[in-house]
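The values are calculated or read from the model by the stated rules, or taken from the named source; none is laboratory data. Everything numeric in this text was worked out from a predicted model, so none of it was measured. Don't worry about glycine lacking a Cβ; one is built from the backbone with ideal geometry, like all the others, and counts go over all protein chains shown. Note: accessible area is taken over every heavy atom of the protein model, side chains too, but ligands, DNA and RNA are not part of it. Shrake-Rupley method; radii C 1.70, N 1.55, O 1.52, S 1.80 Å.
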Amino acid sequence: MPGSVQSIERAAAILRLLARGSGRLGVGEISTSLGLAKGTTHGILKTLQDVGFVEQDKASGKYQLGATLLHLGTSYLDVNELRSRAINWADALASRSGEAVRIGTPLDGKVLVVHHVFRPDDSLQTLDTGTLLPVHATALGKVLLAYDSGVAAELAGATLEQYTRRTLVTPAALRKAVAEVRETGWAGEAEEFAAGQASIAAPIRGYGGYVVGAISIAGSVDRLYPSAGRVDQSLVTFVQNASRAISRDLGAGRW
Amino acid sequence: MVARYVMSVDQGTTSTRCILFDHGGRLVSVTQREHRQRYPKPGWVEHDATEIWRNLEHMAPEALSRAGVDASQVVALGIANQRETTVLWDRHTGNPVGRAVVWQDTRTDELVEEFAGQPGAELVLERSGLPLATYFSAPRLRWLLDHTPGLYERAERGDVLFGTMESWLVWNLTGGVDGGVHVTDVTNASRTLLMNIETLRWDKDLLEFFGIPAAMLPEIRSNAELYGTATKAVPGVRISAALGDQQAALFGQTCFAQGEAKCTYGTGSFLLLNTGTVPVRSSHGLLTTVGYRIGDEPAVYALEGSIAVTGSLVQWFRDSLGLITTAPEIETLARTVEDNGGCYIVPAFSGLFAPHWRADARGIIVGLTSYITKGHLARAVLEATGWQTREVVDAMNADSGLELSTLKVDGGMTADNLLMQFIADVLPAPVVRPMVAETVSLGAAYAAGLAVGYWPDLEGLRRNWHRAAQWLPSMDAERRESEYANWKRAVERTFGWVRPNHTA
């Protein structure tokens, strides 16, 4: 069994100290309280600050617990809660885009559909809330892959099933697609899961910006990718606006 | 061209919401604030009317700024409100007289019994279309007059005004003490026990029966016409609609034709059936109420099945039992088990409403064994809403002689898939949710927009309605019948718990 890591022990001690104190503490006070060299204390504080666990007050230079740490336990969002909070914006997205809307969250290396809004043409459609979709062949999945390291880890080494001739089945192709998602902030897929069908998705962020799910529209490839396989940019904007509105309601702040 | 919008205010039991809709009936921005529920004594429920007005004052401008919209782009404002909640205020100071007495409040149960024994009591049902019950405003108003020294005289002089929430908000929006307009609408007025359901005017005999001075009453107007222009919160915006929340939902669901029905799942749940331009009397415990009236057109009536406790049972489960931290988690918890384990909850917190109308009933949990977990209780909580819907639909079918073919649903609880499936299973009939689940707000927006010509006619509104989700029955008939029989046995056990002259 490996021994304990001293710097983590010290970091924990600093966090405990900050949590117990009534106000902010300076580097000197922290060093004295814990019997650490000032340089060591400063280095640890700097790292804790980088990950958002502590914050430094600009005026006084003193430290306090960071918002990220305070909300560490609440980044998990119940899927039924997510549906309930997103339902209005999902409706509006379906109405504006004229396409079916789905909200997905990660589950055991798949995408769990937690909400589904029918395409607003009053045709016969069946609710598929509760079904699982493949991560690598859907826009929802690509968004989750891009922003949720857990999903990426679960997919590593798995065989990428080929649904159509356009399905991305090599890790390299998928990596490239995911890098693009991170760059643009949205994911698309044209006939990678089913012939004639396409989807567009964007991330839903919860408190502190943590990605809790994704929202997508799905429909005919002719409507989503109308001209020579190029995406309809106005639909992308609709999806991104909906994802931002939901994220804002969930407390994601600057996103 | 500058985009134009309609603003809708939904003044509900637990919160007030301000929503901006575009011409397609689509949501553009939403702001919401909860207000405090006050329970000073068992059976008492109060709101601070000032708190509610302040909330609206903050939220309305916020809804505009969130969408980057200027007040000049808002063509009209419509209000939907919790019904029957009684507010009294001083015309000269603008201050409420005491707290608003909420529709769930049962402090008037003895007073109602007294009234029921008096000569002329039969007039109430005949003229107002409603049974004498603590649910409606008149007994509450009388109770306040009886329990506040000097109030009756002030009311007689017209110094103290009465209103339901829409009256209070319109009065404040249009200037309050500086020329505030004192009006109500036919739907809210139809819930007071004081309005004649045929003439749509305050009924002299009913006012006399309840001992209410006419000087304190607002003027009764249609649901869609110009009431006035706002000078506060959103100055310059025309106020052109007010409807009781359930009637607003009927309107928002575009149930414009006779025979169309909807059920809204909120704090309580309310199934309304459009019965056309003639008021239909129920012989199965439903209420005769005004559905809506547009300007000078004939009023459209509705039969209503009111269920007092549905969403508020989930809130109780969350706040008083602490078994979940947010309301939607009830579904997560309920899905941890396969069925109710033989446990049933009948939430007769303030008696039972439709179709039983038993003020002497109180809530029960039956079928408890050591096998029951919180998951089973969560199931029983959701199933209570399903069975209460079934009872009301049965009454509706019996009164109308028709079989409800589909149930249009809306409201916050429609986000609960397990519940929606259960309702489809127990009816049994398809359950359909429209694209805008916020039909209460949408209905108020529709009425306001119609009044100012933003939308041309009802047909245009109907084209905005689209199906967003549908649940089909899948429970086998035998199980449904045996479960329903169990539910009925559970309901019987709630009757008569409160004895006369004993407080609950």
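Brief remarks follow.
- Per-selection Rg to Rh, chain B - Cα, Kirkwood hydrodynamic radius: 0.95
- For A:Ala100, distant residues with modelled amide H under 5 Å away: A:Arg119, A:Ala218
- Computed from protein heavy atoms with a 1.4 Å probe, the total accessible area buried between B and A is close to 2200 Å².
- Once the Cβ-Cβ distance of B:Ser474 and B:Arg33 is raised to the sixth power relative to R0 = 25 Å, the FRET efficiency obtained is 0.05.
- FRET efficiency estimate (nearest 0.05) - Cβ-Cβ, B:Glu113 to B:Lys41, R0 25 angstrom: 0.85
- Pairs of alpha carbons in the protein assembly as shown whose separation is greater than 44 Å (percent): 31 percent
- Our coupling estimate for region B:485-499, obtained by passing each phi through the Karplus curve with A = 6.51, B = -1.76, C = 1.60 and θ = phi - 60°, is 4, 4, 4, 4, 5, 5, 4, 4, 6, 8, 5, x, 5, 8, 9 Hz, Gly and Pro reported as x.
- Region B:25-146: C-alpha gyration tensor shape, a/c 1.5 cut-off, then a/b vs b/c: prolate
- At the residue level, A:Leu155 shows approximately 30 square angstrom of accessible surface with a 1.4 angstrom probe and all protein chains present.
- Test item: B:464-475 mean partner chain Cβ contacts at 10 Å: 5
- Based on Cα contacts under 8 Å between residues 6+ apart, chain B shows a relative contact order of 15 percent.
- Formal net charge of residues neighbouring A:Gly61 (Cβ-Cβ distance under 12 Å; K, R +1; D, E -1): 0
- Scaled against 2.2 N^0.38 Å for its residue count N, the alpha carbon radius of gyration of region B:60-206 is 1.17.
- Relative contact order (%) - chain A, alpha-carbon pairs under 8 angstrom, separation at least six: 15 percent
- Prolate/oblate/rounded label for region A:6-65 (Cα gyration tensor, a/c 1.5): rounded
- Less than 5 angstrom separates the built amide H of B:Ala359 from those of B:Leu352, all sequence-distant by 5 or more or on a different chain.
- Hz values of 3J(HN,Hα) by residue in region B:376-385 - Karplus curve (6.51, -1.76, 1.60), Gly and Pro given as x: 5, 4, 4, 4, 4, 4, 5, 5, 4, 5
- Relative contact order computed over region A:6-65 (Cα-Cα under 8 Å; 6+ residues apart), in percent: 38 percent
- Residues with amide H under 5 Å from that of B:Gly291, placed H, sequence gap 5 or more: B:Val300, B:Tyr301, B:Ala302
- Based on protein heavy atoms only, chain A ends up with 49 Å² per residue of surface accessible to a 1.4 Å probe.
- Rounded, prolate or oblate (a/c below 1.5 giving rounded, otherwise prolate when a/b exceeds b/c) for region B:190-250 by Cα gyration tensor: prolate
- Alpha-carbon centroid distance for the pair region B:150-202 / region A:106-158, whole angstrom: 52 Å
- Carbon and sulfur %, accessible surface of the protein assembly as shown computed with the full protein complex present, 1.4 Å: 51 percent
- Karplus (6.51, -1.76, 1.60) ³J(HN,Hα), θ = phi - 60°, over region B:236-246, in Hz, Gly and Pro reported as x: x, 7, 6, 9, 9, 7, 8, 8, x, 4, 6
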